[in-house]
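Okay, so here's the structure we're looking at.
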Amino acid sequence: MLYKGLADFKEEELAKEWSPLATVLFELPYVKAVYISINYAWEDIMLKLKEFIKNYIQDGGEVIKEGFADAMAELEAKKDDDYKYSSDEVEIVAKIKELINTYVKPAVEMDGGNIAFKHFRAGIVTVILQGSCSGCPSSTVTLKAGIEGMLKRMVPEVEEVVAEMG
């Protein structure tokens, strides 16, 4: 396992700050973004990429710098700092997060993606899609038919689920 969390580098500058591995991957001609997760690689470049990463690690290359997860969590917290949930909403949000983390996230991760809860306001759940889910044509169907349907059944206060690309 390269990294126990998720690291999504859409810009080379963020990679340069936090991930020496992502920085060298950006040097490859076919790399436009780097998403590091538990276990995923595209089939058409998997063997080349595995060899590259294996050599990088054997040569003592650093994958993610210490403090990255905390820094990203702090950035995310700042994005939604101004919103305070009522006591009723706190329970609803906890149930939504539990359902997403228990049922949705593992399935999405198997396909090389990630889904994260962003907020719940006026019956609308906003989630962030990352990795292979970001820009995937099937993600809209999965979001509406699967995730939205489940959340509406399990949490009656949910009226809609919308996604932002991470």
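Rounded to the nearest Hz, the phi-derived 3J(HN,Hα) couplings of region 151-164 under the Karplus curve 6.51 cos²θ - 1.76 cosθ + 1.60 (θ = phi - 60°) are 5, 5, 5, 8, 10, x, 6, 7, 9, 7, 10, 10, 10, 10, where x marks glycine and proline.
Between Glu157 and any residue 5 or more places off or on another chain, the built amide H atoms are never under 5 Å apart.
What's the FRET efficiency of Arg153 with Glu91 using the Cβ-Cβ distance as r and R₀ = 30 Å, to the nearest 0.05?
0.95
In sequence order, region 3-15 has phi-based couplings of 7, 6, x, 10, 9, 10, 10, 8, 10, 4, 4, 5, 4 Hz under the Karplus curve 6.51 cos²θ - 1.76 cosθ + 1.60, θ = phi - 60°, and Gly or Pro positions carry x.
In order along region 17-30, phi translates into HN-Hα couplings of 6, 10, 9, x, 5, 4, 4, 6, 5, 4, 6, 6, x, 9 Hz, rounded to whole numbers, per the Karplus curve 6.51 cos²θ - 1.76 cosθ + 1.60 with θ = phi - 60° and x for Gly and Pro. Summarising the amide proton neighbourhood of Lys118: residues at separation of 5 or more, or on other chains, whose placed amide H is nearer than 5 Å comprise Thr126, Val127, Ile128.
Laboratory data are not the source of any read-out in this text; all were calculated from the coordinates shown. Keep in mind the model is a prediction, meaning the values are calculated, not measured. Backbone-built Cβ (ideal geometry, glycine too); neighbour counts: all protein chains shown.
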